[in-house]
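Each reported figure results from applying straightforward, stated rules to the coordinates on display, with no laboratory input. Please read all numbers here as calculations on a predicted model, not as lab measurements. For neighbour counting, all protein chains shown are included, and Cβ atoms are generated from backbone atoms with ideal geometry for every residue, glycine included.
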């Protein structure tokens, strides 16, 4: 499998390391300032692109892959206001797009656990709920895409919640997300329900970036020769 890496930061390097171990080829690395490489012959020879860039460049990067007919896997968060435009481009170009706010297999199991717990707690409105996330100081967006996904899943299930706020006091119909940027923390997400008599808490704590790289590479292998829009539920057959 010939891979183009778009975004060559810590995640890009981790994916490259794993791809080589699995006998794939990284034929091109496109980082910020290398946009001219999208018109190179190497780019056109790619079987798949894996995109972990920045919120301000992700949309353009993904669109270039789709228009070139190259299946693209993206894990960049903070750009989803343009998500529907990407879906339209996928349909128009009969291409393939795989998106996940978090590629960790454990986190996607955590998503399922979060939805299950929210369904159980929907019968107990006396419990308040809040979401907390902690990441390294170089993470640009806050809250994390994973925290937003977790929170939106809860909102879709609880009748008394309709929106969220970040790092500010929540109103009765809101869920508070607490976002912290500390040191080199890979990623920690916590869901907490609390009443006057007890609390219930679930947590996922990523030990390193390897788990994300494994998921992204599995997604790249999965999307080859497919058309349409996919996510981790398709890969892991969780639904």
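Relative to the longest principal axis of the Cα atoms of the chain, the long axis of helix 58-67 lies at roughly 50 degrees. Take the Cβ atoms of residue 23 and residue 140, set R0 to 30 Å, and the FRET efficiency comes out at 0.35. Angle of helix 10-21 to the longest C-alpha principal axis of the chain, folded into 0 to 90 degrees and rounded to 10: 60°. The spread of Cα positions in the range 120-218, taken along each principal axis and listed from longest to shortest, comes to 40, 28, 24 Å.
Peptides 217-225, 229-237 ranked from most to least packed by the mean count of surrounding Cβ atoms within 10 Å: 217-225, 229-237.
Work out the FRET efficiency for residue 201 and residue 92 from their Cβ-Cβ distance, taking R0 = 45 Å, and round it to the nearest 0.05. Don't jump to the answer; show the numbers that get you there.
Details: r = 45 Å, r/R0 = 0.99.
The formula returns an efficiency of 0.50 here.
Inverting the pair-averaged 1/r between distinct Cα atoms of the range 60-170 gives 16.0 Å as its Kirkwood hydrodynamic radius. Taking every DSSP bridge with both residues inside the chain, close to 35 percent are antiparallel. With the simple model of a label 7 Å out from the Cα in the direction of the Cβ, residue 54 to residue 40 spans 2.0 nm. Between residue 126 and residue 165, the modelled label-to-label distance comes to 2.6 nm, taking each label 7 Å out from Cα in the direction of the beta carbon.
Each residue, residue 115 and residue 2, gets one label point 7 Å from its Cα in the Cβ direction; the gap between the two is 3.7 nm.
Ordering of 143-152, 164-173, 57-66 by packing is 143-152, 57-66, 164-173, highest average first (other Cβ atoms within 10 Å, averaged per residue). Both radii are taken from the alpha-carbon atoms of the range 20-104; with Rh as the Kirkwood radius, Rg/Rh is 0.94.
When the alpha carbon gyration tensor of the chain is reduced to an equivalent ellipsoid, its three semi-axes come out at 34, 18, 16 angstrom, largest first. Length gained on full extension, residue 226 to residue 13, computed as 0.36 nm times the residue gap minus the Cα-Cα distance: 74.1 nm. Between residue 173 and residue 83, the C-beta separation translates, for a Förster distance of 25 Å, into a calculated FRET efficiency of about 0.50.
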